[in-house]
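Data first, discussion second: the structure below is written as structure tokens.
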Amino acid sequence: MDLATELIKLGSVGVLSGVFGAFMALRRYKYEKWWEMRVNAYKAVIESLSDMTAIYEKRNNNWEQSPIEPKNISQELRVAREKVRKHRDMGAFLFSNDAEAALTDFVDFQIDYERVTDPGDVYGPFCQISRKCLEKIVALSKKDLAVNGRWL
């Protein structure tokens, strides 16, 4: 009878430790996957904002050498902003509230194209707002994606 009791005790300890280990491994796996999804979302939006900022700076610096019609400017900006809007919408559940607010402010930023006489009137403000949004998203990503080293 003693042998059977000891085997049952050892078996129950083995089952409990196996269930606990599986629970902890699954929890870690879910956390890592969630973190990777957030990294990819932040990475995509940072790349898009960085590309847009480079385009704005290039156009703002070279508008005298290669003038562009205001309609072409608005089309170019619309395409670039749609890309950021798409990333914001796709990553809405991945971004922090502050990051989503910064992206929403950027996407909702408007210029009255009827009053535009100089491409600098378009590229200057958009360059500033895209740079500001990029800097804010980078700062927020560092904060949001920080790994808590306590359990590593």
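The values are calculated or read from the model by the stated rules, or taken from the named source; none is laboratory data. As the structure is a computational prediction, the values presented were derived from the model and not from experiment. Cβ atoms come from the backbone with ideal geometry, glycine included; neighbour counts cover every protein chain shown. Just so you know, the surface numbers come from the protein's heavy atoms only, side chains and all, with ligands and any DNA or RNA stripped out. Shrake-Rupley method; radii C 1.70, N 1.55, O 1.52, S 1.80 Å.
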* **Loop-resident sites, the range 1-44, for chymotrypsin sites (Phe, Trp or Tyr not before Pro), counting at most 11 other Cβ within 10 Å (DSSP)** => none
* With all protein chains present, how much of the accessible area of the range 3-53 (probe radius 1.4 Å) comes from carbon and sulfur, to the nearest whole percent? -> 71 percent
* Met52 accessible area, assembled protein chains, probe 1.4 Å, Å² -> 10 Å²
